[in-house]
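The values are calculated or read from the model by the stated rules, or taken from the named source; none is laboratory data. Keep in mind the model is a prediction, meaning the values are calculated, not measured. Positions of Cβ are generated from backbone atoms using ideal geometry, with glycine treated the same way; all protein chains shown enter the neighbour counts. We work out accessible area using only protein heavy atoms, side chains counted, and drop any ligands, DNA or RNA first. Shrake-Rupley method; radii C 1.70, N 1.55, O 1.52, S 1.80 Å.
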Amino acid sequence: MSSEAEKTFQRFAVFGESSASGTEMNNKNFSKLCKDCGIMDGKTVTSTDVDIVFSKVKAKNARTVTFQQFQEAMKELGQKRFKGKNPDEALKDVYKHMEGKDPATTGVTKATTVGGVSRLTDTSKYTGSHKERFDESGKGKGIAGREEMTDNAGYVSGYKGAGTYDKKDK
């Protein structure tokens, strides 16, 4: 049971932290774990309770908790969440809530496609010089679509026999 909880701990510990190793978790990710796994229900266990428990189990000058400290916190929250059960049963129930959970990304900002935005970004409707900036699939051509590219072959633009000099010489 504990190994599944440890995997969940690691997934939440690295969430949103590019430099995190997965061995320690900050308060933000601890609160997210409690909320996403259903440990924080808003009635018996609130966000304030979660913050207080986090502050209790962490070291005085630390900002993060290790997995051992995390287990202590889960014991406390389990007793609060599942009143009337003994601490071991409550801890098992908390771990059941955590099984296989990943950090949720609900409410993440998505690209808007409201009314005029879709018309403005549809490259097939572009006209004039702007139409030249995109290929048939709507992908941009980059600098080739914005500037007239010069041909540095060494011939004047109207010369029909461009590239034939080497062939005549041999």
Using alpha-carbon pairs under 8 Å, 6+ residues apart, how would you state the relative contact order of the chain in percent? 18 percent
For the chain, with only Lys/Arg (+1) and Asp/Glu (-1) charged at the beta-carbon, what is the dipole magnitude about the Cα centre, in debye rounded to 20? 260 debye
Taking the Cβ-Cβ separation of E6 and T105 as r and a Förster radius of 22 Å, what is the calculated FRET efficiency to the nearest 0.05? 0.50
Can you give me the solvent accessible area of I52 with a 1.4 Å probe, rounded to the nearest 10 Å²? 90 Å²
Residues whose built amide H sits under 5 Å from the amide H of E24, excluding neighbours closer than 5 in sequence, are none
Can you find, among S118, Y165, N26, the residue sitting farthest towards the positive end of the charge dipole of the chain, where Lys and Arg contribute +1 and Asp and Glu -1 at Cβ? S118
If you take the beta carbon distance between K28 and D166 as r and set R0 to 45 Å, what does 1/(1 + (r/R0)^6) give as a FRET efficiency, to the nearest 0.05? 0.10
Spacing of the two label points (7 Å from each Cα toward its C-beta) at D135 and Y159, in nm: 3.0 nm
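Give me the number: length gained by fully extending L120 to T44, i.e. 0.36 nm times residue separation minus the C-alpha to C-alpha distance, one decimal in nm.
Between L120 and T44, full extension yields 22.4 nm more.
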For the Cα atoms of the chain, what angle does the longest principal axis make with the long axis of helix 67-81, in degrees from 0 to 90, nearest 10? 60 degrees
Need the list of lysines near K160 for cross-linking: C-alpha distance under 20 angstrom, and skip anything on the same chain fewer than eight residues off. K168, K170
Applied in sequence order to region 24-41, the curve 6.51 cos²θ - 1.76 cosθ + 1.60 (Karplus, θ = phi - 60°) yields integer Hz couplings, x standing for Gly and Pro, of 10, 10, 8, 5, 4, 6, 5, 5, 5, 4, 4, 6, 5, 8, x, 6, 8, 10
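If the chain between R63 and K96 were fully stretched, how many nm would it gain, using 0.36 nm times the residue separation less the Cα-Cα distance? It would help to have the intermediate numbers written out before the result.
Values: separation 33, 0.36 × 33 = 11.88 nm, distance 2.68 nm.
Extra length available between R63 and K96 comes to 9.2 nm.
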